[in-house]
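Data block below; observations after.
The values are calculated or read from the model by the stated rules, or taken from the named source; none is laboratory data. Fair warning: this is a prediction, and the values are worked out from it, not measured in the lab. Cβ atoms come from the backbone with ideal geometry, glycine included; neighbour counts cover every protein chain shown.
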Ligand SMILES: C[S@@+](CC[C@H](N)C(=O)[O-])C[C@H]1O[C@@H](n2cnc3c(N)ncnc32)[C@H](O)[C@@H]1O
């Protein structure tokens, strides 16, 4: 296999986040932007020791998993919702198994294994997003052109392109109000032209349009980001936006000036064209003030699922001091404050910390404190010790030195919320090596159609088992313990062989001549009240509501469970 050569193959699986695996003549090739089961043509562009990397050229045959027609006219050019043609249940299964595989690997590597050599923890599958479409409360659109010297475009970058912009006036992951606002701004600057910003030349005016629309309250904040190279009067644009027939309500229109070289949405100066420079959203009955640059989960209804799950993992917090590290606008801290003695949030974005303090006052919570700064440094300044720690770091995970400081507190339990399973797996290896063990894991799909997934992990500190001293003399005679008896007792305490789904399937196939799906075994086990720890993932729950095993299969599964002495 040589660089530049073209091959064809079937995508066997996708590793997180977007790495399709194709095997050609026993060589593994990673090709991005594919779907499992697709037959693709690709060109080799990198050759490594153990694998090659290829660029997708063409999908030759669709995957059997592509059962839904694309809902968006920019698919697949945009690349934002790569999995939109897959059944939603299959998207969930794929994300759950990607996370499980990564965590299994990390746990095995760091020694948290069961007697069979498998990773020992409870993997509880994945919660779906309450909305499959229209779930995002924030979108950053860029100005540009969709081809060299083409008309002004406003939207998202074409897949794998740094320059070409697709006008996303049909995007289905946001509310239709976003589209109306995008079209209004694009029409305005088509009528009253201004040059878009060209990053290589550092020339032009129009950079980004950042729209935030609260899912629950319907409040909208529109932010136009430009350079200061031109100074047009924008009051006409603000008037047009105010007159739009929207379902939500614009509470602020901001003009953000950004002259930095970096292609990020940032502010050197913010001018209010209309209303306020914030908006409100509600999560789990609490109210949150959100400013343009403070982090807030982009799927508000999904955030309710995420925080409820984290809350259930955290458990009883009465009389506890909790550290909410990487606290954003203080959502988690405020959800925990009513059931804790005290919560301390640490967040690097000052604007988010100010909003978090205001939010706590708004929600009548007086036992929260928010500190602005880098977790790495702030932990040295806090005198109090936590009883429980919640970690919700950015995508790259926790700085190794900050992680050491967090571990040094030695709290009994922690909850780690992660938006990137690869950095989570890396941090878990360190936590396990330093005495923590992963107890429970569940994912939440906050980003349907996309490659992303959120994961919640409950960790506990592994204390040595309690010990008792017993004086025993071995040998024959009164008050002496026979060595044989010890061996017998040891045999009785030996853990029973774990019966796997594979063993049950093989037994049934050999005896009855048909195959049974893991989901069916899981369903029968669940109906009999058997523990589900070893279920590969709880997505099986999701499948179960659509497919049900026949009576014949239920009987075969029960027979297998009896055979293996599970019932
Ligand atoms: C994934 S967000 C979580 C926010 C919050 N827990 C929530 O659910 O809304 C991560 C947050 O960490 C903040 N952050 C990033 N690096 C940080 C650091 N070194 N120290 C403190 N906060 C940091 C980001 O600004 C962001 O608000």
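Structure notes:
- Applying the criterion of being assigned to a helix (DSSP H, G or I) and more than 16 Å from the ligand (Cβ to nearest atom) to the residues of the stretch 390-425, the residue that is surrounded by the fewest Cβ atoms within 10 Å (Cβ to Cβ) is 408.
- Selection within the stretch 340-351 - within 12 Å of the ligand (Cβ to nearest atom) and surrounded by fewer than 24 Cβ atoms within 10 Å (Cβ to Cβ): 348, 349, 350, 351
- Scanning the stretch 383-427 for residues that are touching a residue at least 40 places away in the same chain (Cβ under 8 Å), within 20 Å of residue 337 (Cα to Cα) and more than 21 Å from the chain's Cα centre (by Cα) turns up 384, 385, 386, 387, 388, 411, 412, 413.
- Exclusive hit being modelled with pLDDT under 95, more than 23 Å from residue 380 (Cα to Cα) and not assigned by TED's automatic domain parsing to the domain that holds residue 254, set 331, 317: 317
- Residue match in the stretch 279-290 (condition: assigned to a strand (DSSP E or B), without any contact (Cβ under 8 Å) to a residue 60 or more places away in the chain and not assigned by TED's automatic domain parsing to the domain that holds residue 413): no
- Enumeration of residues in the stretch 222-240 that are farther than 14 Å from residue 271 by Cβ and either buried (at least 21 other Cβ atoms within 10 Å of the Cβ) or without any contact (Cβ under 8 Å) to a residue 24 or more places away in the chain (or both): 239
- The numbered conditions (1) crowded, with 24+ Cβ neighbours inside 10 Å; (2) within 13 Å of the ligand (Cβ to nearest atom) are all true for residue 337 except (2).
- The stretch 1-65 holds strands (runs of 3 or more DSSP E) entirely within its bounds, and those carrying 1 or more residues that are over 29 Å from the mean Cα position of the chain (by Cα) and surrounded by 19 or more Cβ atoms within 10 Å (Cβ to Cβ) map to 6-15, 39-47.
- Within the stretch 360-382, the set of residues being assigned to a loop (DSSP other than H, G, I, E, B) and either touching a helix residue (DSSP H, G or I) at 6+ places or on another chain (Cβ under 7 Å) or at pLDDT below 95 (or both) comprises 363, 365, 367.
- Unique residue being part of a loop (DSSP other than H, G, I, E, B), closer than 30 Å to residue 460 by Cα and in contact with a helix residue (DSSP H, G or I) (Cβ under 7 Å, 6 or more places away or on another chain) when the list is 129, 115: 129
- Residue selection: residue 439 fails the criterion of being modelled with pLDDT of 95 or more, farther than 26 Å from residue 92 by Cα and either more than 16 Å from the ligand (Cβ to nearest atom) or touching a helix residue (DSSP H, G or I) at 6+ places or on another chain (Cβ under 6 Å) (or both).
- Of the residues 293, 274, the single one that is free of Cβ contacts under 8 Å to residues at least 40 places away in the same chain and touching a helix residue (DSSP H, G or I) at 6+ places or on another chain (Cβ under 6 Å) is 274.
- Residue under evaluation residue 155, criteria (1) touching a helix residue (DSSP H, G or I) at 6+ places or on another chain (Cβ under 8 Å); (2) in a loop (DSSP other than H, G, I, E, B); (3) under 22 Å from residue 262 (Cα atoms), criterion not met: (2)
- Residue 324 being more than 14 Å from the ligand (Cβ to nearest atom) and outside any helix (DSSP H, G or I): no
- The lone exception for residue 293 - which of (1) assigned to a loop (DSSP other than H, G, I, E, B); (2) crowded, with 19+ Cβ neighbours inside 10 Å; (3) within 12 Å of the ligand (Cβ to nearest atom) it fails: (2)
- Residue list for the stretch 360-389, restricted to those being near the ligand (Cβ under 9 Å from one of its atoms) and at positive phi: 373
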